[in-house]
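Below is one structure; the comments refer to it alone.
All of the numbers you see were taken from the coordinates with simple rules; none came from a lab. Note that this is a predicted model, so its numbers are computed, not measured. So basically every Cβ, Gly included, is an ideal-geometry build from the backbone, and we count neighbours across all protein chains shown.
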Amino acid sequence: MAQMAVTKYYNGFPPKYREKQGYAVYKMFKNGELPKPSQCIGCQNSTDNGATIMAHNENYHTPLNYVEICYHCHMAVHYRFKDPLTWRKWCDLTANDWQPPKGRDYKVFLRVWVWVRTTETVLPKKLTWLHTLPDIEPNLYEPEPVLDVLG
């Protein structure tokens with residue numbers, strides 16, 4: 001499990017803040033203080049069958065409140081704001097036991113994303129954690145309050 005470079009805002013959190021919080025969790029995985037993620041909450045892929053599983057956080061104020069998610073579902077989570085219709089199809093497909101390819105390849109993810117976009121809409125057999133995420137990016141970041149040292 002490698003630490004990824006953070007370059008964009010997400011849910012209002014600046015890249016430096018996301019990177020700091022993410023690195024703290026990454027170190028805990030590496031030092032054995034937390035068990036490494038092993039099964040995707042979205043599609044149920046697991047490290048046992050060769051999937052790359054990582055930690056995803058929607059709110060970086062609570063860095064230990066992450067979900068275990070495979071690389072492709074993780075990329076889909078971040079793409080959901082760009083293309084909410086394809087995101088809904090992704091959620092519904094995984095709810096019907098479809099799994100994206102194993103591994104960690106961005107070009108493969110993009111091909112799969114386009115395939116999902118062009119598939120027929122399916123009714124989900126069940127609702128998953130992925131279905132609970134908003135289609136519009138929220139702003140959850142609130143900077144630390146500045147103390148009034150002059151007052």
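See the values below:
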| quantity | calculated |
| --- | --- |
| Dimensionless Rg/Rh of region 60-104 - Kirkwood Rh, Rg from C-alpha atoms | 1.01 |
| Angle in degrees between helix 84-95 and the longest Cα principal axis of the chain, rounded to the nearest 10 | 70 degrees |
| Stretch gain in nm, segment SER38-TRP98, where the contour uses 0.36 nm per residue and the Cα spacing is subtracted | 19.8 nm |
| Distance histogram in 5 Å bins (all Cα pairs of region 15-132, percent per bin) | 2, 12, 20, 23, 20, 13, 7, 3, 0 |
| Cross-link pairs beyond the 31 Å C-alpha cut-off, checked among LYS30/LYS125; LYS102/LYS126; LYS30/LYS107 | LYS30/LYS125 |
| Mean separation of Cα contacts under 8 Å (6+ apart) over length of the chain, as relative contact order % | 25 percent |
| FRET efficiency, THR121 to PHE81 (Cβ-Cβ, R0 22 Å, nearest 0.05) | 0.65 |
| Degrees separating the helix 106-118 axis from the principal Cα axis of the chain, which is the longest one | 60 degrees |
| In region 18-87, the chymotrypsin sites (Phe, Trp or Tyr not before Pro) that fall in loop regions by DSSP, at most 16 other Cβ within 10 Å | PHE81 |
| Angstrom value of the Kirkwood radius, inverse mean 1/r, which spans all Cα pairs in region 78-132 | 11.6 Å |
| Relative packing of peptides 9-21, 42-54 - highest average C-beta neighbours within 10 Å first | 42-54, 9-21 |
| Cut-off 10 Å between beta-carbons: net charge of the residues surrounding ASN96, Lys and Arg +1, Asp and Glu -1 | 0 |
| Residue-averaged [θ]222 nm for the chain, counting only DSSP H segments that reach four residues, each worth -39500 (n - 2.57) | -10500 deg cm²/dmol |
| Environment charge at THR119 (Cβ cut-off 14 Å; Lys +1, Arg +1, Asp -1, Glu -1) | +1 |
| Gain upon complete extension [LYS16, ASN49; 0.36 nm per residue less C-alpha separation] | 8.5 nm |
